[in-house]
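Here is the structure we will look at.
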Amino acid sequence: EKHLEQIKESLLLGASDLIENTSVENIKIDDLITKAEVSRSTFYKVFHSVDGLFKELGKKLTNEIAEYALSHSPEIPDAATRVATKTKRALLFVTKAPFLASLLLKAEWPSSDPNHMMYKDIEKDFIDGKAQGYFSDMPPSIGTNLILGCLRGATKDILETKQPDDYADKVVYQILISLGVDQKIADELSKNPASAFSVPPTGIASNVVSLQNHIKTK
C-alpha cells in the first residue's frame, strides 16, 4: 500500500511536470507512465483513467491551497466583511492563476463536502454572520451552499469568458444580498480592496505555477 502511494505521488508530480509542454487535454497514459517510469498495469492500479488522475491532482491542489490560505487569512471579527474579503480573494486568485483554477474545478472546487476544511470555514462565517444580525435566519447548510454555488459559478465565468474589472465586486455584492445583508452595507463591502490568495511556496501547487510562469516567458 505504501509503495502504491509512492507511485501515485510520482504520477501526480509527473503530470504537473508534463503540463509545461502539453495541455491537460492532450496528455495521454503513455506520457504519464513514461514520465513516472511505471508500467501501464501499475498506472491502472492507482488510477482508472487520465481524467481520474487529474481529478486527484485537483483534490491535492485544493487541500494545499485551502490549508495555506486559511492559515494565512487575517483575523476579521465582522463576519460580513470576512465573507466579502475571502470571496473576493478567491475570485482574484482565479483571475491571477486561471490554469490552476481549472485544475481545482476538476476536483469540484469549491467542495460541497460538509467535512472539507473550506466548507467548515465558510459555514462558521455564515453562523457568525447570522449571530451578528447580518444574515437571514436560514439553515447554515443553505447559507454555506449559497456562497459555494455563487463562487463556483463565478469561477467558471472567469475561466470561460473575459470579465470586467469589477466582476468580483458584483459577485460579492450578489452573495451578500442573497444572504440577507442590507443593500448599502453589501455595496460598501463589495468594493473593499483585497488581494488574491497566495499559492503555497512549496508543494504541487507551487510546482504547477512555476511551470506555467516558465511557459509564459518562453
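The values are calculated or read from the model by the stated rules, or taken from the named source; none is laboratory data. All figures in this text were calculated on a predicted structure; none of them were measured in a lab. In this analysis, Cβ positions are derived from the backbone assuming ideal geometry, glycine residues included, and neighbour counts consider all displayed protein chains. Note: accessible area is taken over every heavy atom of the protein model, side chains too, but ligands, DNA and RNA are not part of it. Shrake-Rupley method; radii C 1.70, N 1.55, O 1.52, S 1.80 Å.
What residue, of Ile27, Ile33, Ile76, is open to solvent by less than 30 Å² (accessible area, probe 1.4 Å), of a type in the set (A, V, I, L, M) and under 29 Å from Pro201 (Cβ atoms)?
Values: Ile33 fails: under 29 Å from Pro201 (Cβ atoms); Ile76 fails: open to solvent by less than 30 Å² (accessible area, probe 1.4 Å).
Result of the check over Ile27, Ile33, Ile76: Ile27.
Quick check on the range 164-203: of everything there that is surrounded by 19 or more Cβ atoms within 10 Å (Cβ to Cβ) and β-branched (Val, Ile, Thr), which residue is farthest from Gly129 (Cα to Cα)?
Here the residue is Val199.
Scanning the range 16-41 for residues that are in contact (Cβ under 8 Å) with a residue 12 or more places away in the chain and small (Gly, Ala, Ser), which turns out nearest to Ala101 (Cα to Cα)?
Ser16
Kindly provide the set of residues from the range 12-46 that are assigned to a helix (DSSP H, G or I), hydrophobic (A, V, I, L, M, F, W, C) and farther than 19 Å from Leu104 by Cβ, ordered by number. Break it down stepwise before answering.
Here is the first cut: in the range 12-46, the residues assigned to a helix (DSSP H, G or I) are 12-18, 24-26, 29-36, 40-46.
With hydrophobic (A, V, I, L, M, F, W, C) added as a condition, the list becomes 12-13, 15, 18, 24, 29, 32-33, 36, 43, 46.
Passing the criteria: Ile29, Leu32, Ile33, Ala36, Phe43, Val46.
What residue, of Glu123, Glu160, Glu108, is open to solvent by less than 70 Å² (accessible area, probe 1.4 Å) and not aromatic (Phe, Trp, Tyr)? Reasoning before the result, please.
Working: Glu160 fails: open to solvent by less than 70 Å² (accessible area, probe 1.4 Å); Glu108 fails: open to solvent by less than 70 Å² (accessible area, probe 1.4 Å).
Within the list Glu123, Glu160, Glu108, the selection yields Glu123.
As an exercise: evaluate Lys130 against (1) basic (Lys, Arg); (2) touching a Gly at 6+ places or on another chain (Cβ under 8 Å); (3) modelled with pLDDT of 90 or more; (4) within 20 Å of Gly153 (Cβ to Cβ) and give the number of the one condition it does not meet.
Exception for Lys130: condition (4).
Would you check if Leu151 is open to solvent by less than 20 Å² (accessible area, probe 1.4 Å) and under 21 Å from Ile65 (Cβ atoms)?
Values: open to solvent by less than 20 Å² (accessible area, probe 1.4 Å): yes; under 21 Å from Ile65 (Cβ atoms): yes.
So Leu151 passes the test.
Here is a list: Leu57, Leu53, Leu12. Which entry is touching a helix residue (DSSP H, G or I) at 6+ places or on another chain (Cβ under 8 Å) and over 28 Å from Gly149 (Cβ atoms)?
Step by step, each of Leu57, Leu53, Leu12 is checked, and only Leu12 is touching a helix residue (DSSP H, G or I) at 6+ places or on another chain (Cβ under 8 Å) and over 28 Å from Gly149 (Cβ atoms).
If you go through the range 126-148 one residue at a time, how many are of a type in the set (A, V, I, L, M, F, W, C), open to solvent by 30 Å² or more (accessible area, probe 1.4 Å) and under 17 Å from Ala90 (Cα atoms)?
1
Hey, does the range 81-88 have a residue that's surrounded by 19 or more Cβ atoms within 10 Å (Cβ to Cβ), more than 27 Å from Ala15 (Cβ to Cβ), modelled with pLDDT of 95 or more and of a type in the set (A, V, I, L, M)?
Yes, the range 81-88 contains a residue that is surrounded by 19 or more Cβ atoms within 10 Å (Cβ to Cβ), more than 27 Å from Ala15 (Cβ to Cβ), modelled with pLDDT of 95 or more and of a type in the set (A, V, I, L, M).
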